[in-house]
Amino acid sequence: MNTGEPPDGPTDADIAAGAKKRRLPVLEGILPVERSRLPIDILAGTTLAALGIPEVMGYAKIAGMPVVTGLYTILIPIAVFALLGSSRHLVVGADSATAAILAAGLAGLAATGSDEYVALAAGVAIVTGGVLVLARLIGLGFLADFLSRSVLIGFLTGVGIQVAMGQVAGMLGVSDGSGGTIRKFVNTLENIGDANGPTLAVSAGVLVTILGCRAIDKRIPGALIAVIGAIVVSWQLDLADDGVSVLGTVPGGLPSFGLPDVGWSDLPSLLSTVGAIVLVILAQSAATARAYAARYQESFSEDTDLIGLGAANAAAGLSGTFVVNGSPTKTQMVDGAGGRSQLATLTTGVVVLVVLLFLTGPLEYLPNAVLAAVVFLIGVELVDVSGMRGILKVRRDEFWIAVLTAVVVVVVGVEQGVVLAIIASIADYVRRGYRPPRALLVEGPRGHLHGHPLDSGMAMAPGLLVYRFGADLFYANANAFAEDLIRLAGTPGARWLCVDAAGISDVDFSGSKALGELHEELHERGVRLVLAAVNGPVRAELDRYGLTAQLGADAIFLSIDDALTAFDQLPPPSPSPSDRSPTTDDDAADSRDG
């Protein structure tokens, strides 16, 4: 019977909470294990393997790596993150964006798929892992925030277009020549008359199978069905004799472990690629983990995940494969299948292990056109038309930044697109701070404050103008801030200019100088500068800059109401000489005579 009294001892929840506090930052994505959900997590992991194996083979093709290395990305790296990461949902593995960046960065350094190329790719993964751990140790995780959502949509859209265009030649069975994305695509179109009929038929069959399965039920592993079907058809009909390119022998067994054959002299040429990959991993992994933690009201640690991602990439490099990333698509696959912990991804690793040990033999019959078609669809799915439309609908300026990012990725390159994405995001932020929202505040009939354009000259009270500035006061906008207030000081009858500082959370050195100079100029004009709604940190900055003493402590108010009350207590202004009635010399003489 519940008596309403608290229990004498700790509850199960208290014990679990205490255990969590004492536990080392490992297995956070697994513990506590819910036994009732264990079969569902295992089924979700098996589903991820069925859907993900063809996908990672496609990503290996994007990266220019041997197909089997795609399977390696969801063997050891996926297990390492499951053990060391904090997110219960984030799935780590090969990813289209990082694979495309890797391919662009290694182009020209070694022949695609060669031993030297594989070694360089493994070197990139190890260095990436080290940089991610370093980012955690010195607190650089915030860099993820410098890829805005709109720019990231544009970047991934550009990657999708580039990836899709690059697979058309493989789907037709023609050569795409050499050069950049556009040049290769033009070469493909020029050679379209030489398309191989059986290859085109295989590609069409794969597309129909995958899209048809999705139309029936998205949980049906259409890509896996297409791969198995194509292997059977290729084996039975000997498609290689009809000019259909096939994978050939795929090595089975476990990957080899060890440091790649990369010298110190190779590292400088890899650093720009590593930098671009790290930024994408930071942004994409954090965004995905945040989204699923919020969906299920769970906590996670971005710092712990950085360690997990760094260790996973190091494991990828040591096991002879390429960089891994937090994958939104794989995470959604597990979530859609009901998986709610990293036990699902450990199950995926076990399934992949079985495939590597016993089932790589049939892969030699797999037509390359199958992977080209799978990758083509991956690229098409990355083209976020609805996302771009959404940006256009609400923020036309951000839409054009996203479009510019996508165009640079397609025309110039993926690495350059990442750099532009970072610069565009920062420039967009500075632009908004440079020209922030500004308004004159006036109290409405119900006591609410309403904003009006600056040129309206609207006053809160006769002689009192309240100016709202909606950004931090820093070097880029300090001059505009001062110009606004000097212009408002020319409003007839202005006595006080009150700055609503509720939107100002920081004043830098340039901003402090602008405030001091503004105070002096307004004082000469007979107008007083006061500040309202100043928060504690900003007040401390004003004290440190000496502005509190310069403006006067009585010029800084906690709220606009306080400033209005103080203004109402002022004596009425003395009439200026120009306001007095003009007198004539005769009037003055009469006055003296009287």
Problem set entry | Condition check for Thr98: surrounded by 21 or more Cβ atoms within 10 Å (Cβ to Cβ), among the hydroxyl-bearing types (Ser, Thr, Tyr) and at pLDDT 90 or above | yes
Exercise. Residue check: is Val530 under 21 Å from Phe474 (Cα atoms), under 42 Å from the mean Cα position of the chain (by Cα) and modelled with pLDDT under 95?
Worked result: no
Problem set entry | Counted residues, the stretch 52-70 - those being part of a helix (DSSP H, G or I) and surrounded by fewer than 24 Cβ atoms within 10 Å (Cβ to Cβ) | 3
Exercise. Consider Asp266 against the criteria (1) surrounded by 13 or more Cβ atoms within 10 Å (Cβ to Cβ); (2) more than 22 Å from Val159 (Cα to Cα); (3) in contact with a Ser or Thr (Cβ under 8 Å, 6 or more places away or on another chain): it satisfies all of them except one. Which criterion is unmet?
Worked result: (3)
Problem set entry | Matching option when the condition is surrounded by fewer than 14 Cβ atoms within 10 Å (Cβ to Cβ), more than 30 Å from Lys393 (Cα to Cα) and either in contact with a helix residue (DSSP H, G or I) (Cβ under 8 Å, 6 or more places away or on another chain) or at pLDDT 90 or above (or both), among Val233, Val133, Val208, Val174 | Val208
Exercise. Touching a helix residue (DSSP H, G or I) at 6+ places or on another chain (Cβ under 7 Å), of a type outside the set (Lys, Arg), assigned to a loop (DSSP other than H, G, I, E, B) and within 15 Å of Ser505 (Cβ to Cβ), is that true of Val534?
Worked result: yes
Problem set entry | Hey, Thr46 surrounded by 22 or more Cβ atoms within 10 Å (Cβ to Cβ), modelled with pLDDT of 90 or more and either in contact with a Gly (Cβ under 9 Å, 6 or more places away or on another chain) or not small (Gly, Ala, Ser) (or both) or not | no
Problem set entry | Check on Arg389, more than 14 Å from Glu55 (Cα to Cα), within 25 Å of the chain's Cα centre (by Cα), surrounded by fewer than 14 Cβ atoms within 10 Å (Cβ to Cβ) and not β-branched (Val, Ile, Thr) | yes
For this session: Return yes or no: is Glu28 part of a loop (DSSP other than H, G, I, E, B), in contact with a helix residue (DSSP H, G or I) (Cβ under 7 Å, 6 or more places away or on another chain) and acidic (Asp, Glu)?
Result: yes
Exercise. Which members of the stretch 217-239 meet the condition of being under 21 Å from Phe376 (Cα atoms) and either basic (Lys, Arg) or outside any helix (DSSP H, G or I) (or both)?
Worked result: Asp217, Lys218, Arg219, Ile220, Pro221
Exercise. Restricting the search to the stretch 431-476, which residues are within 18 Å of Gly503 (Cβ to Cβ), assigned to a helix (DSSP H, G or I) and in contact with a strand residue (DSSP E or B) (Cβ under 8 Å, 6 or more places away or on another chain)?
Worked result: Leu454
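Here's the yes/no breakdown for (1) among the aromatic types (Phe, Trp, Tyr); (2) within 22 Å of Val168 (Cα to Cα):
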position	(1), (2)
Ala49	no, no
Tyr59	yes, yes
Thr69	no, no
Leu75	no, no
Ala82	no, no
Ala97	no, yes
Ala103	no, yes
Glu116	no, no
Problem set entry | Residue selected from the stretch 101-117 under the condition of a type in the set (A, V, I, L, M) and buried (at least 22 other Cβ atoms within 10 Å of the Cβ), by the criterion nearest to Ala283 (Cα to Cα) | Ile101
Exercise. Can you pull out the residues in the stretch 485-512 that are within 40 Å of the chain's Cα centre (by Cα), buried (at least 18 other Cβ atoms within 10 Å of the Cβ) and not in a loop (DSSP other than H, G, I, E, B)?
Worked result: Leu485, Cys498, Val499, Asp500, Ala501, Val507, Gly511, Ser512
Exercise. Within the stretch 253-290, can you find the residues that are outside any helix (DSSP H, G or I), in contact with a helix residue (DSSP H, G or I) (Cβ under 6 Å, 6 or more places away or on another chain) and under 20 Å from Pro77 (Cβ atoms)?
Worked result: Pro255, Phe257, Pro260, Val262
Exercise. Being assigned to a helix (DSSP H, G or I) and farther than 30 Å from Met65 by Cα, is that true of even one residue in the stretch 366-385?
Worked result: no
Exercise. Restricting the search to the stretch 540-552, which residues are among the small types (Gly, Ala, Ser) and within 43 Å of the chain's Cα centre (by Cα)?
Worked result: Ala540, Gly546
Seminar exercise, completed: Okay, helices (runs of 4 or more DSSP H) sitting entirely in the stretch 94-206 with 2 or more residues that are of a type in the set (Gly, Ala, Ser) and closer than 30 Å to Gly349 by Cβ, I get 96-106, 115-137, 149-172
Exercise. Only one of (1) within 26 Å of Thr329 (Cβ to Cβ); (2) loosely packed, with under 13 Cβ neighbours inside 10 Å; (3) assigned by TED's automatic domain parsing to the domain that holds Ser148 is not met by Asp217, so which one is it?
Worked result: (3)
Exercise. Is it fair to say Leu247 is at pLDDT below 90 and in contact with a Pro (Cβ under 9 Å, 6 or more places away or on another chain)?
Worked result: yes
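The values are calculated or read from the model by the stated rules, or taken from the named source; none is laboratory data. Computed from a predicted structure; not experimentally measured. All Cβ positions, glycine included, derive from the backbone under ideal geometry; neighbour counts span all protein chains shown.
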